[in-house]
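Where a number appears in this text, it was derived from the coordinates with a stated rule and is not lab data. Owing to the predicted nature of the structure, the values given are computational and were not obtained by experimental measurement. Cβ placement follows ideal geometry from the backbone for every residue including glycine, while neighbour counts extend to all protein chains displayed.
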Amino acid sequence: MQQEEIRCAHTCRNACELLSDALRKEKDQVMFYEAVMKECDYPDVKAFVRQLAEERSASILRMVQKLNELQARSKVLDGVMSSFDPSGI
């Protein structure tokens with residue numbers, strides 16, 4: 001399997017495109033693990049894959065929280081910047 005090249009555009013303002021991409025990949029991985037659990041009938045393997053899916057799900061929640069933080073920070077900064085805008089007076 002070849003690793004794709006990762007590049008940051010450094011143009012993010014209220015979200016991180018790389019983090020959004022990572023989030024999509026984590027969601028895909030959880031869906032894959034869920035499909036494996038449906039197909040698998042070996043209890044030890046099924047339990048192990050369930051644990052992997054739960055760990056990925058926890059990562060997804062952390063990524064969503066970080067993206068929400070970035071968006072909130074951007075809104076605050078926009079509000080601060082607009083309060084200094086002389087054209088708004």
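For region 26-42, does any single residue satisfy the condition of being among the basic types (Lys, Arg) and under 19 Å from MET63 (Cα atoms)? So that I can check it myself, show each step before the final result.
First pass over region 26-42, keeping only residues among the basic types (Lys, Arg): 27, 38.
This time we only want the ones that are under 19 Å from MET63 (Cα atoms), so: 27.
Taking every residue of region 26-42 in turn, at least one turns out to be among the basic types (Lys, Arg) and under 19 Å from MET63 (Cα atoms).
For region 1-54, how many residues are among the charged types (D, E, K, R) and under 30 Å from MET81 (Cα atoms)?
Going through region 1-54 one residue at a time, the tally reaches 4.
Could you count how many residues in region 33-89 are acidic (Asp, Glu) and touching a residue at least 12 places away in the same chain (Cβ under 8 Å)? Steps first, answer last, please.
Of region 33-89, the ones acidic (Asp, Glu) are 34, 39, 41, 44, 54-55, 69, 78, 85.
From what is left, the residues that are touching a residue at least 12 places away in the same chain (Cβ under 8 Å) are 34.
Total meeting the criteria: 1.
Report yes if MET63 is part of a helix (DSSP H, G or I), over 19 Å from the mean Cα position of the chain (by Cα) and surrounded by 14 or more Cβ atoms within 10 Å (Cβ to Cβ), otherwise no.
Spelling it out, it is not the case that MET63 is part of a helix (DSSP H, G or I), over 19 Å from the mean Cα position of the chain (by Cα) and surrounded by 14 or more Cβ atoms within 10 Å (Cβ to Cβ).
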